[in-house]
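Everything on this sheet refers to the single structure shown next.
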Amino acid sequence: MAGSKEQFGSRFAAIAALAGSAIGLGNIWRFPYMVGENGGAAFILIYIASSLFLSVPVFFAEFIIGRHSGANCFGAMKRLAPGTRWNLLGILCILTPTLILSYYAVVGGWSISYLFKSFTLAFPSFGSFSSSGWALAAFVIYLALSCLIVAGGVKNGIEAFSKVSIPLLFFLIIGLAIYSVTLEGGSSGIDYILKPDWSKVGVRTFVNAIGQSFYSISLGMGIIITYASYISKKESIVFSGVGTAGFDLFFALLAGFVIMPAVFAAGIEPGSGPGLIFDTLPYIFVSMNEASPVLATVVAVAFFLTVSIAALTSSVSLVEVPVAWLIEEKQMKRSSATLLVFAVTGIIGALCAINLGIFDWLDKVCCNILLPIGGILCVIFVGWIMKKGDVRDEFNSKLFPFAYFLIKYLAPVAVAVIFLSNFL
Ligand code: PHE
């Protein structure tokens, strides 16, 4: 099976798919605000350290499971720990992305709707829009689009899409950042992100940094396991992990340079989450419209195109996890597997689109409970259950002793602490 499986065609393809999964709404609507609220450059340094020492090791563990087994999450556990309860980890890693996809696609739907609205700068109030039938229809279209890409296959679907999207995303976000930092009054937005303020640093800062980097590089939900099963044995794990985290952080910082200068130039309080993207920024685009309608339209379209594509590359990775399981374990054809995932997530997601209370609840359960549990179990599995020799062969780098220490001791403890801190 492992040999006959489709694979990513090149190193660039693999890193584009991994970075595509990582770069998403978390980078745009959460990271910039989190940096500003947690001490600017001080937070960025802490974020880099916690990514390198805690999140990237979890990435390594998932990568090792996926590439060593050459299988989907459930199949990986079946091969590496046959006849044990570890199959529950496999099930968890299929359940979590299916649930996340359901509500992530609701936001994806909002993004593509706002993309269309930005051509005329006729933005509705977000409150009334998000509860309208249009939001529901946009959700279905967005989900169908994500599934169509996955139905195209690993190479002709996911890889082809990621190879175009990732360069396009960086092109767009760099262009927008250049525009935004040159706005009059925008420099206080740059200060907000970059000025180090160590007085804001406390225990909570570390918890926030780890939680954010964990979500942002798509850990704890089987995505890295699944994608790694399509990556050639020749590729370096260290490069994949550090590269993914690096691109992800670079994009998040650029998103900060787009959003915060614009928000400060308009004299608005920065915030995070849906309100920032779907209320505050549209307001800014509309006010720009008075001075220069063409520029305002171009900027708004570029911005919502960035949000839509960033979300799409992430949801594609979410779709692929259950699809890979259905193909490899249930012998389904890729097209039928994708259709089934579309139907199931369509129903759960429609509930989230109609009732934002369900949306919030599902988001909390997934991010605060299921994700950390998945992450901890993966590092425990690689550090304590798998044979050290197998892990060493798969890791195949001089950095192995250090990485193994992080996987075996530091990462499980740190992730457990974050997990428990959610209940305090
Ligand atoms: N990493 C994505 C982001 O930053 C979020 C994501 C979550 C992607 C779950 C895939 C799966 O937005």
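Any residue at all in segment 257-264 that is closer than 24 Å to residue 298 by Cα, within 16 Å of the ligand (Cβ to nearest atom) and touching a residue at least 24 places away in the same chain (Cβ under 8 Å)?
Yes, that holds for at least one residue.
Select, from 321, 316, the only residue that is buried (at least 16 other Cβ atoms within 10 Å of the Cβ), closer than 21 Å to residue 22 by Cα and out of contact with any Pro (no Cβ under 9 Å at 6 or more places or on another chain).
Every option except 316 fails the conditions.
Going by what's in this entry, would residue 61 be described as assigned to a loop (DSSP other than H, G, I, E, B), of a type in the set (A, V, I, L, M), open to solvent by less than 10 Å² (accessible area, probe 1.4 Å) and under 18 Å from residue 390 (Cα atoms)?
no
Search segment 228-254 for residues that are more than 11 Å from residue 60 (Cβ to Cβ) and open to solvent by less than 40 Å² (accessible area, probe 1.4 Å) and pair each with any residue that is charged (D, E, K, R) and at pLDDT below 95 when their beta-carbon atoms are under 8 Å apart and the residues are at least 6 apart or on different chains.
229/5; 230/5; 230/6
Which of the residues that make up segment 324-361 are within 16 Å of the ligand (Cβ to nearest atom), open to solvent by 20 Å² or more (accessible area, probe 1.4 Å) and of a type in the set (S, T, N, Q)?
Within segment 324-361, no residue meets the criteria.
Out of 241, 246, 185, report the one residue that is within 16 Å of the ligand (Cβ to nearest atom) and in contact with a Pro (Cβ under 9 Å, 6 or more places away or on another chain).
None of the other options fit; the residue is 241.
Regarding residue 85, is this residue under 19 Å from residue 385 (Cα atoms), in a loop (DSSP other than H, G, I, E, B) and either open to solvent by 10 Å² or more (accessible area, probe 1.4 Å) or of a type in the set (Lys, Arg) (or both)?
Spelling it out, residue 85 is indeed under 19 Å from residue 385 (Cα atoms), in a loop (DSSP other than H, G, I, E, B) and either open to solvent by 10 Å² or more (accessible area, probe 1.4 Å) or of a type in the set (Lys, Arg) (or both).
Could you please let me know if residue 139 is under 17 Å from residue 278 (Cα atoms), open to solvent by less than 60 Å² (accessible area, probe 1.4 Å) and more than 19 Å from the chain's Cα centre (by Cα)?
no
Could you say whether any residue in segment 278-292 is under 22 Å from residue 37 (Cα atoms), charged (D, E, K, R) and either open to solvent by 20 Å² or more (accessible area, probe 1.4 Å) or touching an Asp or Glu at 6+ places or on another chain (Cβ under 6 Å) (or both)?
Within segment 278-292 (the criterion being under 22 Å from residue 37 (Cα atoms), charged (D, E, K, R) and either open to solvent by 20 Å² or more (accessible area, probe 1.4 Å) or touching an Asp or Glu at 6+ places or on another chain (Cβ under 6 Å) (or both)), the answer is yes, since at least one residue qualifies.
Criterion first (of a type in the set (S, T, N, Q) and assigned to a helix (DSSP H, G or I)) does residue 96 satisfy it?
Yes, satisfied.
Return only the number of the condition from (1) in a loop (DSSP other than H, G, I, E, B); (2) in contact with a Cys (Cβ under 9 Å, 6 or more places away or on another chain) that residue 267 does not satisfy.
(2) is the only condition that residue 267 fails.
This table checks each residue for (1) within 16 Å of the ligand (Cβ to nearest atom); (2) more than 16 Å from residue 273 (Cβ to Cβ); (3) part of a helix (DSSP H, G or I).
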| site | (1), (2), (3) |
| --- | --- |
| 5 | no, yes, no |
| 9 | no, yes, no |
| 13 | no, yes, yes |
| 19 | yes, yes, yes |
| 26 | yes, no, yes |
| 29 | yes, no, yes |
| 32 | yes, no, yes |
| 35 | yes, no, yes |
| 43 | no, yes, yes |
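The values are calculated or read from the model by the stated rules, or taken from the named source; none is laboratory data. As the structure is a prediction and not an experimental result, all values here were calculated from the model. With ideal geometry, Cβ positions are generated from the backbone for all residues, glycine too; neighbour counts draw on all protein chains shown. Keep in mind that these areas ignore ligands, DNA and RNA; they rest on the heavy atoms of the full protein, side chains included. Shrake-Rupley method; radii C 1.70, N 1.55, O 1.52, S 1.80 Å.
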